[in-house]
1. Given +1 on the Cβ of Lys and Arg, -1 on the Cβ of Asp and Glu, and no further charges, what dipole in debye does region 158-285 carry about its Cα centre, rounded to the nearest 20?
2. Can you tell me, using C-alpha contacts under 8 Å and at least 6 residues apart, the relative contact order of region 158-285 as a whole percent?
3. Tell me which residues come under 5 Å, amide H to amide H, from residue 122 once H is placed; ignore anything under 5 positions away on its chain.
4. Provide the convex hull volume over Cα atoms per residue for region 158-285, in Å³.
5. What residue among 85, 197, 131 has its Cα farthest toward the positive end of the dipole of the chain, where the charges are +1 on Lys, Arg and -1 on Asp, Glu, each on the Cβ?
6. Please compute the contact order of the chain in relative form: average sequence separation of alpha-carbon pairs under 8 Å and at least six residues apart, divided by the residue count, as a percent.
7. Out of the trypsin sites (Lys or Arg not before Pro) in region 84-134, which ones are loop residues according to DSSP with at most 14 other C-beta atoms within 10 Å?
8. For the chain, state what percent of all Cα-Cα pairs lands in each successive 20 Å bin, counting from 0 Å until the bin that includes the largest distance.
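All of the numbers you see were taken from the coordinates with simple rules; none came from a lab. From a predicted model like this one, the values you see are computed outputs, not experimental measurements. Don't worry about glycine lacking a Cβ; one is built from the backbone with ideal geometry, like all the others, and counts go over all protein chains shown.
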Amino acid sequence: MRVLQLTGPKQLAWHEAPTPSLASDVAAIVRPIAVASCDLDWPLVAGELPFPYPVTLGHEFVGIVTDIGDEVARVNVGDRVVVAFQPSCGHCAPCRRGTTSACTSVPKTSMYGVGSVGGEWGGAIADFVAVPFADHMCVVLPANVKSVAAVSAGDNLADAHRMIAPHLVKAPESVLIAGGLASIPLYALLFAKALGINEVSFASAERAALDHAEQLGANCLELEKPDRRLGRFDLVVDCANQAELLHTLIRCVNPGGVCASASMYFEGDVKLPLYEMYMKGVSFHTGRVDSSAHLNEIVALLRDGVVDPLLVDTSIDDWEHAPTVFAERRTAKAIVVRDEGGSV
Ligand SMILES: [Zn+2]
Ligand SMILES: [Zn+2]
């Protein structure tokens, strides 16, 4: 079969790879019909992440089920499904607790589309993808949910949702989201407004991101310098990936509030103002999203029209253009689609 492979910085081309087959009675084979860029794909393609090549790209996807094992009960051949980007079983202790990113039935950090760092699962810009635990990892899309709207449900949409929804128990009246023209911060903005936070602010050093956030209804704060005063907020969402900005963001949190971070600080020794956080009772949340655990809830929110991800700066291109679409970020979200019988 044909796959899109990254063999060096911005070196993207179609390659031949073995077609996957059913590995067990609980597995499925899915033919991707829509694949989206994850925010991580851009630095990955640019060679800015410590991930070895080659990488078969793509891990946010919707596809059609083409084969199922004898024990698969919740999906059928022909179903249109969105698939979690982290393989997980649904039965082990971490999966039962909802920490599906730490599933013990698969190798640690199992993921599609990031090369050997994620294991031997391949990527989604491919003719077929093997799904090891179909009932747990696939959610059938309702007819009213477009594939291009649901394509990020298994990753960036779930990541944005968890930046906002779990913290609503503290009834935040204000939220500050910091990030660039990327999908997680802008989806978080959509969720913050849709889930009823009164005052939604967006901070960025990127003019294009601020313009877009303003169109989506946020108060915009230009980040000329990392130590700029931004105000006080009950909830602060860090999608900025800037260690020097993190102190500023944490200092913006009102007493008893939360700073939720979707950033990956690869350098690993970022300091936190722990004494100040202690005195103010500020919590800091970090960690990988639990893709399978969120999938049903995200699809239900899309079905009910709570958010429309397509309001965020998104491009949709033909599948054949994937090598150029994924070479460089032009929009917050880039999607390629393969239209086979109008199913996209
Ligand atoms: Zn991702
Ligand atoms: Zn598991």
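1. Numbers: 11 positive and 15 negative charges, 65 e Å.
That gives a dipole near 320 debye.
2. On the way: 239 pairs, mean separation 29.5, N = 128.
Value for region 158-285: 23 percent.
3. Result for residue 122 returns 113.
4. Numbers: hull volume 11.9 nm³, N = 128.
Value for region 158-285: 93 Å³ per residue.
5. 197
6. Working: 825 pairs, mean separation 66.4, N = 344.
The normalised contact order for the chain reaches 19 percent.
7. On the way: sites: 96, 97, 108; in loops: 97, 108.
Listed in order of number, the matching sites are 97, 108.
8. Calculated P(r), rounded to whole percents: 32, 58, 10.
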